Amino acid sequence: MSLTTLGLELPTDPRWVDIAQMNIGDILIDHAWCEQKAASSCISLIVMYTDKTTLVEMLTPIVAEEWGHFQRVLKELRKRNIALGRQRKDLYVNELRVRLRRSTSDQHEQMMDNLLINALIEARSCERFKLLATHIADDSLRRFYHELMVSEAGHYRAFIELAETYLPAERVRSRWKEFLSVEADIIANMALRGDRMH
């Protein structure tokens, strides 16, 4: 899964994976909460847009997959005798929401933005999973993150496809370019942390 395939403009600093490997317990804790939030986010979208049949049908299995990922990360934590602990603030996601939130009364535009934010988070997660799957020493975790990388790539595409189901493709592509530019700026200016997935 390449950066081009995901659409991301800026790769993760390669030092991140080395730092993450030294803090794998913290990475797993943060990852668990990311999966829980991903499932919750899909549920929220379903609740907000119950009249969008295609959205409900596409996101319902993703809820189950994300919750399954949460359970799998909990299993990895148990294997290492690491407690889940409290949820941490996701500065990356918070910054995305602050920078990309806009005031509009157009429900379809709001829905597009919600879907594209989710697509962006999935794309960055996929890129980081690939780094872990490729570079960390633990063979079982390499396989684990490879499987999740493939799954997250499918989720990323699903969110884009849903946006294009309800809005013209050229409008979605134009807004997506704005999102990618903002995301690259956030990544470029965030401190490098090896205890967070994002």
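Every number in this text was worked out from the coordinates using simple rules, so none of it is lab data. Given the structure is predicted, the values throughout are model-derived calculations rather than measurements. Ideal geometry is used to build each Cβ from the backbone, glycine not excepted, and the neighbour counts take in all protein chains shown.
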So how far apart, in nm, are the two label points at Lys75 and Lys37 if each is 7 Å from Cα heading toward Cβ?
2.5 nm
Given R₀ = 41 Å, FRET efficiency for Glu170-His135 by Cβ-Cβ distance, to 0.05?
0.60
A chain fully extended from Arg86 to Arg102 at 0.36 nm per residue, minus the present Cα-Cα distance, gains in nm 2.7 nm
Potential lengthening between Asp185 and Val47 on full extension [0.36 nm per residue; Cα-Cα distance subtracted]
46.5 nm
Go ahead and set up a Gaussian network model of the chain, Cα springs under 10 Å, then flag whichever of Ala119, Ala188, Ala38 fluctuates most.
Ala188
Counting other Cβ atoms within 10 Å, which GluC sites (Glu not before Pro) in region 104-161 have at most 11 and lie in a DSSP loop?
none
Starting from 0 in steps of 5 Å, tell me what percent of the Cα-Cα pairs of the chain lands in each bin.
1, 7, 16, 21, 21, 16, 10, 5, 2, 0
Once you have the Cα-Cα distance between Glu109 and Glu147, take 0.36 nm times their residue separation minus that, and quote the gain in nm to one decimal.
10.4 nm
As a check on your grasp of the helix formula, calculate [θ] at 222 nm for the chain: sum -39500 (n - 2.57) over DSSP H runs of n ≥ 4, divide by the residue count, round to the nearest 500.
-26000 deg cm²/dmol
To the nearest 0.05, what FRET efficiency results for Arg157 and Thr60 with a Förster distance of 22 Å applied to their C-beta separation?
0.85
If you find the alpha carbon centre of region 27-56 and of region 125-146, how far apart are they in angstrom?
23 Å
Which lysines have a Cα less than 19 Å from the Cα of Lys37, not counting those fewer than 8 places away in the same chain?
Lys75, Lys89
